[in-house]
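Everything on this sheet refers to the single structure shown next.
The values are calculated or read from the model by the stated rules, or taken from the named source; none is laboratory data. Note that this is a predicted model, so its numbers are computed, not measured. In case anyone asks, the SASA skips ligands and DNA or RNA and just uses the protein heavy atoms, side chains included. Shrake-Rupley method; radii C 1.70, N 1.55, O 1.52, S 1.80 Å.
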Amino acid sequence: MRIITKEYQEMLDKSEAYNYIKNTPKPDFTELDKSVAEFESWIKAEHEKDRKLIRESYKK
């Protein structure tokens, strides 16, 4: 584990790049979460179709 010294923290506080990253608001993942849920339900149905075809092929 690394310990940030007082001097290093002061240097970071003066850094434009560090402050830009630190103060940028977190993105809104609402649309992404919705897309993931849709994909998850679709892929689950596709996997079940594949499993059904595989089971049927063994029965013959």
message: Among the residues of segment 20-49, what is the count of those that are in a helix (DSSP H, G or I) and open to solvent by 80 Å² or more (accessible area, probe 1.4 Å)?
response: 17
query: Going by the structure shown, is ASP13 among the charged types (D, E, K, R) and assigned to a loop (DSSP other than H, G, I, E, B)?
result: no
